[in-house]
Amino acid sequence: GHGRRPLVAGNWKMNGLRKSVSVVESVRARLTPDLTDRIDVLICPPSTLIASCVAAAYGSPIAIGGQNLHAKASGAFTGSISAEMLSDLGARYVIVGHSERRAYHHETDDGVHAKALAARRAGLCGIICVGETQEEREEGRTLDIVRAQLAIGVPKGATATDTVIAYEPVWAIGTGLTPTPADIAEVHASLREMLTSLIGPEAARVRILYGGSVKPGNARELMSVENVDGALVGGASLVAEDFLGIAQAY
Ligand code: PEP
C-alpha cells in the first residue's frame, strides 16, 4: 500500500460561538479507537475557539487547526494571527489558501507559498487548498489551474509531515454539487504527478484530500477514489453526527 494515513478535517469557517465547543466534545466521546487507529481527525474552528477546542480535545486523538494565518511571525498587522500564535495555542494544522480566502481576501499563489513556509517555520502542518472555478472547468482548464496553484504554492522541500494538499473545486464548495469519482481521480492523479516533479519521491507520502460538499451519504464513494487520502469538510463538520458519519467512511 501507499502508507498514507487518511485525514478527515473539518473547517467550521466563520461559524461557532462558545457553545459550539460541545461539537468537539461529542466527536471526542463518539470516536472509537478502532477508527482513530486508522485515520487522523482534525477540526479547524474559528480563531476565537481554538484555545477552548484544544482544551476540549486534550488527550484525545482529535487535532485542532487554524483556518488562516499571516506569513509574518509578529508585527504591525492589526487583526492578523501568525503561525507561531496558532502553534502556541496548541494548533497543529492550518488551512492555507482556502478558496474563500482567495476570493474574498485576494490571496494569491505567492501569498499561499509564503503562508505555507510560515506554517512550516512554526511546526504546523499546512493544508494547501487548490481548485478550479466553474468557468475554468467549463473551459477545460482544470488541470492547468490546479497544477499551477500547486507549483507556486508548495514550498521547496515540503514533506508529508508539514504539508497536506486539498483539492476543492470552487463550484463544489457549499453547493451540494460534487465532481464524479472519475473527475476527482483525474485531478488527484495529476496533482500527485505534479507534486512528484516538485518534491520528488516524498510526494508519494503527502496526503491529498478532497473537499466540496462531502456528506455522510457520499463520503464512502468519494473517499474510495484512488489518491484521495481524506476529506476537507465544511458544512457537515458543524454537526458532530455528520462529521463522524464522514470519518466512518474509513
Ligand atoms: C470547505 O469549506 O472547505 C468545504 C469543502 O465546504 P463544504 O463541505 O460545505 O462544501
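Computed from the coordinates by the stated procedures, all read-outs in this text should not be read as laboratory data. Note that the structure is a prediction, hence the values are computed from the model and not measured. As a convention, Cβ positions derive from the backbone with ideal geometry for all residues, glycine included, and neighbour counts pool all protein chains shown.
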Check your understanding: In the range 190-233, what residues are within 13 Å of the ligand (Cβ to nearest atom) and buried (at least 21 other Cβ atoms within 10 Å of the Cβ)?
Key -> Leu209, Tyr210, Gly211, Gly212, Ser213, Val214, Ala219, Leu222, Gly230, Ala231, Leu232, Val233
Practice item. Given the conditions (1) assigned to a loop (DSSP other than H, G, I, E, B); (2) touching an Asp or Glu at 6+ places or on another chain (Cβ under 6 Å), report the number of the one that Val228 does not fulfil. Key: (2)
Review point. Name the residues in the range 18-31 that are among the aliphatic types (A, V, I, L, M) and over 20 Å from Ile95 (Cα atoms), would you?
Key: Val27, Ala29, Leu31
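Count, please, the residues in the range 96-124 that happen to be closer than 16 Å to Leu232 by Cα and either small (Gly, Ala, Ser) or crowded, with 23+ Cβ neighbours inside 10 Å (or both). So that I can check it myself, show each step before the final result.
Our first condition is that a residue be closer than 16 Å to Leu232 by Cα; within the range 96-124, this holds for 96-101.
If we keep only those that are either small (Gly, Ala, Ser) or crowded, with 23+ Cβ neighbours inside 10 Å (or both) as well, we get 96-99.
Matching residues across the range 96-124 total 4.
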Practice item. For residues that are away from the ligand (no atom under 16 Å from the Cβ) and of a type outside the set (Asp, Glu), tally how many sit in the range 98-114. Key: 5
Review point. Given the residues Ala166, Ala240, which is the only one that is within 18 Å of Gly65 (Cβ to Cβ) and either within 13 Å of the ligand (Cβ to nearest atom) or polar (S, T, N, Q) (or both)?
Key: Ala166
Point to revise | Selection from the range 82-127 of residues that are without any contact (Cβ under 8 Å) to a residue 40 or more places away in the chain and assigned to a helix (DSSP H, G or I) | key: Glu84, Met85, Leu86, Ser87, Asp88, Leu89, Arg101, Arg102, Tyr104
